[in-house]
Amino acid sequence: MLSRGTSIHLALWAVGSSFLAFLFINRVLLNSARRKFQDKNGCKPPQARFPLRDPILGFDLMLENFRLGRNKELLLGAQRRFEMMAANTYTSKLLGMPTIVTIEPENIKTVLSLRFKDFSLGNRDRAFGPLLGKGIFNTDGERWAHSRHMIRPNFTRDQVADIQAFERHIEWLFKAIPRDGSTVDLQELFFRFTIDSATEFLFGHSANSLRMINKGDADSEDACFATAFGIAQHDAVIRTRLGFLSSFRNDRKSNEAIRICHEYVDKFVDNAVRYRESHDLEKDAPGEKYVFLHELAKSTGNKRRLRDELLNVLLAGRDTTASLLSNMFFEIAKRPDIWAKLKAEVGELNGQIPTYEQLRNLKYLKWCMNESLRIHPVVPANSRLAIRDTVLPLGGGPDGKDPLFVRKGTLVAYILWAMHRRKDYFGEDVEVFRPERWETLRPSWEYLPFNGGPRICLGQQYALTEASYVTTRILQEFASIESRDPGPWQEAVTLTLASANGTKVALTPA
Ligand code: HEM
């Protein structure tokens, strides 16, 4: 007869060993299914594995990235790794997470388009959730599809062609540019310009941050929002870098900034919903200016939903366009030959404010924007998380030409900064800012500033219209530009990629 204690031990042992056996059998079955999957897809072992000193967590790589980041060489470092490995795709680890890093256009096309449903955004929701809630930029699956369906109609030609909406802020931009040859940081002005125009487009009310430079009412609600949005965005960047550790972040200043942003946007949302309840929204009032929020309020009266979507689109659209402008002007200011060609092209407008069609026909300006987005892609790297076992077409076998198995839970990172510098696609002089290369280039997935596939940027045309409008108006208003920054362009990677030292120039009036 067994004692009661022995019986309990035996029972526990039986349960424990059954559980272990279950796990073991499960693992064997999973491994066998995975082997079959790999055979079926012709997968080969990775061409290159990053030589980690800490193969479990990849801690050494993380420290190396911190060091590179401090020296403003994070992207350069990422590019050099591909050269060092002599491969366009390699495997690695990021805080213990298996990672595949690639600059193969075919792999990126597979992740973003052909096998779209095998991937998610990963950690983005955790990092951006406190500010953005749940909206188009940080959700996946059905929720994202619904957001996209709701937001997409707001980017039709008529909305992006509203040139007058930009002109209202140009006046204030010009007022902020000194005319006595003293130095100005255009980057700061471009960031103000884009928050002013984006808030007007989205909420129907501009944050008017450019006006505040001269008026100095930094305590106004609009000014507080513009500052708070910057702080809240920075918080999201830090959360992204912290990965799963971001759940423990609780920064008072950021929390307060997020509260200010929500309160500010809620005011417009409340008005829009009130308006929605008291008007027949199917009938547009004649002469009324287009407001994104009012259009959105036609599809939902859910206030939380409206706030979240507004903040999502503001975040996606504000720094990106400002960064494109500041990076491009950094290059142009150092190249009188490019400025002269742009002046000649814009001169054809005879000083008239350009129409949308005229802007689209400014070919050399388009090449300059393309080249800026090639050499300084404002979203320089991106990633997706495999949510099921899947496969990439390249990166396996001794020459990387065979398919590569992607285990569920692997992060696939793609580095546009490095891909846009592939000499096999863009020529030997990839480091040179040369707009003329766009005369013949017709790139496909090897050039991806606006992403591709079902999540391609919705604001691409809006951004290009805004950037070309601002550039054209500056070319009309000023005779010459001179760089006041003797150094080379240096990276500042935050939410987007801009020059670390701003865009310091002097402009001479025409
Ligand atoms: C030069 C300017 C811009 C660049 C380079 C750019 C680039 C991108 C990229 C790379 C993505 C994909 C992000 C991802 O899925 O990981 C994206 C998404 C998005 N962009 Fe832009 N963007 C720009 C301007 C804008 C503007 C001005 C707006 C709106 C006013 C905007 C709205 C969006 C939205 C809503 C998404 C999310 C689309 C989705 O997930 O379905 N973007 N953008």
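Here are some notes:
- Shape of segment 263-415, Cα gyration tensor, a/c cut at 1.5: oblate
- One Cα centroid belongs to segment 109-125, the other to segment 297-361; the line between them spans 28 Å.
- Approximate shape of segment 378-510 as ellipsoid semi-axes (Cα gyration tensor, √5λ), whole Å, largest first: 36, 17, 16
- Hydrodynamic radius by Kirkwood, which averages 1/r over all alpha carbon pairs of segment 137-260, in angstrom: 17.1
- For segment 331-419, pairs of C-alpha atoms spaced more than 19 angstrom apart make up 62 percent of the total.
- Translational D in µm²/s for segment 307-361 (Stokes-Einstein at 10 °C, 1.306 mPa s, Kirkwood Rh from C-alpha pairs): 116
- Among the listed pairs Lys109/Lys408; Lys134/Lys267; Lys334/Lys504; Lys175/Lys363, those whose Cα-Cα separation exceeds 22 Å are Lys175/Lys363.
- Compared with the dominant Cα axis of the chain, that is its longest principal axis, helix 141-151 is turned about 10°.
- Oblate is the label for segment 419-485. Its Cα gyration tensor axes, ordered a ≥ b ≥ c, give a/c of at least 1.5 and b/c at or above a/b.
- Helix 460-477 and the longest principal axis of the Cα set of the chain meet at an angle near 30°.
- Debye intensity ratio I(q)/I(0), log10, the chain, q values 0.11, 0.14 Å⁻¹ (C-alpha model): -1.02, -1.53
- Report summary: the helix-based calculation at 222 nm, which adds -39500 (n - 2.57) for every DSSP H run with n ≥ 4 and divides by the residues of the chain, gives -17000 deg cm²/dmol.
- Helix 221-242 axis, angle to the chain major axis (alpha carbon atoms, nearest 10°): 30
- Accessible solvent surface per residue of the chain, calculated while the other protein chains remain in place, 1.4 angstrom probe, Å²: 48
- Rounded if a/c under 1.5, otherwise prolate or oblate - segment 384-438, Cα gyration tensor axes: prolate
- Checking every one of the chymotrypsin sites (Phe, Trp or Tyr not before Pro) in segment 396-429 against DSSP loop status and a limit of 13 other Cβ atoms within 10 Å picks out no site at all.
- Percent of beta bridges antiparallel (DSSP, the chain, rounded to nearest 5): 85
The values are calculated or read from the model by the stated rules, or taken from the named source; none is laboratory data. Source: prediction; values computed, not measured. Note that each Cβ is placed from the backbone with ideal geometry, even for glycine, and that neighbours are counted across all protein chains shown. Heavy atoms of the whole protein, side chains included, go into the accessibility calculation; ligands, DNA and RNA do not. Shrake-Rupley method; radii C 1.70, N 1.55, O 1.52, S 1.80 Å.
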